[in-house]
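The values are calculated or read from the model by the stated rules, or taken from the named source; none is laboratory data. These numbers were taken from a predicted model, which means no experiment stands behind them. All Cβ positions, even for glycine, are placed from backbone atoms using ideal geometry, and neighbour counts span all protein chains on display.
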Amino acid sequence: MQAVVFQGPKEPLEIEEVDRPDCDDDGVVVETEACGICRSDWHAWQGDWDWLGLVPRPGLVFGHEPVGRVVEAGDNVSEFREGDLVTNPFNLSDGTCPYCKAGRANICEQSVPMGFVGFQPGAFAEEYPVRNADQNLIEVPTDTANPVEIAGLGCRFATAFHGVSRRADISPGDWVAVHGCGGVGLSAVHVASALGGNVIAIDIIEEKLEKAEQLGATETIDSTEVKDIPQTVKALTEGSRGVEVSVEALGVAETVQNSVNCLAPGGQHVQLGLTTSEEGGEVSLPVDQIVWDEREFIGSYGMPPHEYDEIFRMMDGGKISPGRIISETCALGDIPDVMERMGEFGTMGIPVCTEF
């Protein structure tokens with residue numbers, strides 16, 4: 001079968017013939033119908049995140065925002081069968097650790113990041129495997145969305161949904177800032193707006209700010225036009241106190257600091273973006289001010305499988321529409337070009353591969 005294959009950090013990605021994935025007793029093999037192209041794939045391609053222990057090896061197949069139909073199921077799989085339309089979180093869990101049992105499978109002790117390690121290839125291919133299928137697969141309600149829209153849920157929308165709706169405490173009327181309007185940032189804008197937040201979107205690209213407005217942002221800030229982002233954000237809020245929740249969706253030191261500094265006393269910073277090699281996983285913070293104002297710094301990673309049901313309910317009720325964030329579709333052979341454009345922030349929203 002054909003797949004997009006990693007050749008080494010920053011080396012051109014190649015379309016190659018690779019072996020069809022094996023199906024283990026607890027897993028399934030899925031024929032890919034669509035797969036989102038995520039900036040996390042770009043980070044791995046660039047060689048970022050070695051400080052997290054993620055060191056992709058040549059031969060790896062990226063792609064962790066998939067949807068497709070089961071074509072083979074292992075002997076121990078009881079909940080899924082051939083023909084089922086399915087998706088899955090990018091961080092595959094084992095279902096047995098204390099965090100999984102507590103409903104926090106996204107931070108499973110044995111979590112496996114799909115498409116970032118050789119023993120769990122991703123979905124930039126005609127077929128892909130999913131381990132621990134009964135734990136990780138989600139059946140897609142075909143009356144709610146089409147496969148392209150479900151691929152748009154992927155890592156970015158799901159990560160934003162979990163971070164904004166579960167990790168943060170947003171009440172109707174709260175002010176919410178979103179720093180960075182890429183795929184995950186626009187998703188955060190959309191979800192926060194659906195929860196009743198007054199959303200302030202911040203970015204450097206006017207087209208992305210316009211998209212944020214379409215997705216529910218009440219205010220936008222072009223950060224190239226102001227000198228002090230935190231004070232500009234605060235000036236838009238009631239009493240100029242700052243926002244109740246601020247979401248960082250880039251992983252850049254400056255935007256992390258801006259996010260923390262625009263909070264009202266008692267506010268919550270939600271960190272969705274992972275850093276690049278420039279930060280190396282470390283960002284300095286105004287610790288004394290965090291203590292003084294009892295601000296919170298909250299990490300948020302992925303989303304456990306059971307929360308997909310809530311997304312589907314909100315989609316069915318018309319409260320959210322992930323498909324509105326999908327910016328383009330492409331064929332498997334176009335993925336290297338899309339990844340190249342990501343390096344210059346040349347994509348908007350969520351690109352999705354639909355032809356395999």
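Values as computed for the structure displayed
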{"item": "Cβ pairs under 6 Å, 6+ apart, first in segment 66-86 and over 16 Å from residue 24 (Cβ atoms) and assigned by TED's automatic domain parsing to the domain that holds residue 146, second surrounded by fewer than 19 Cβ atoms within 10 Å (Cβ to Cβ) and acidic (Asp, Glu)", "result": "68/31; 69/31; 84/139; 86/139"}
{"item": "Matching residues in segment 318-356 - criterion: being surrounded by 17 or more Cβ atoms within 10 Å (Cβ to Cβ) and aromatic (Phe, Trp, Tyr)", "result": "356"}
{"item": "Residues located in segment 266-278, provided they are part of a strand (DSSP E or B) and crowded, with 22+ Cβ neighbours inside 10 Å", "result": "267, 269, 270, 271"}
{"item": "Residue pairs meeting the criteria (Cβ under 9 Å; at least 6 apart or on separate chains; first at positive phi, in segment 4-22; second surrounded by 14 or more Cβ atoms within 10 Å (Cβ to Cβ))", "result": "8/47; 8/56; 10/45; 10/46; 10/47"}
{"item": "Residue list for segment 98-139, filter: without any contact (Cβ under 8 Å) to a residue 12 or more places away in the chain and either closer than 19 Å to residue 25 by Cα or among the aromatic types (Phe, Trp, Tyr) (or both)", "result": "99, 119"}
{"item": "Qualifying helices (runs of 4 or more DSSP H) (wholly inside segment 145-226; at least 2 residues being hydrophobic (A, V, I, L, M, F, W, C) and either in the same structural domain as residue 31 (by TED's automatic domain parsing) or crowded, with 24+ Cβ neighbours inside 10 Å (or both))", "result": "147-152, 158-162, 183-194"}
{"item": "For residue 216: the one exception among (1) modelled with pLDDT of 95 or more; (2) over 21 Å from the mean Cα position of the chain (by Cα); (3) on the phi > 0 side of the Ramachandran plot", "result": "(2)"}
{"item": "Unmet requirement for residue 281, which otherwise passes all of (1) touching a residue at least 60 places away in the same chain (Cβ under 8 Å); (2) surrounded by 15 or more Cβ atoms within 10 Å (Cβ to Cβ); (3) outside any helix (DSSP H, G or I)", "result": "(2)"}
{"item": "Pairs with Cβ under 7 Å, 6+ apart, first in segment 252-265 and part of a helix (DSSP H, G or I), second acidic (Asp, Glu)", "result": "253/279; 255/248; 256/248; 259/248"}
{"item": "Count of residues meeting criterion [surrounded by 21 or more Cβ atoms within 10 Å (Cβ to Cβ), of a type outside the set (Phe, Trp, Tyr) and over 22 Å from residue 309 (Cα atoms)] in segment 83-119", "result": "1"}
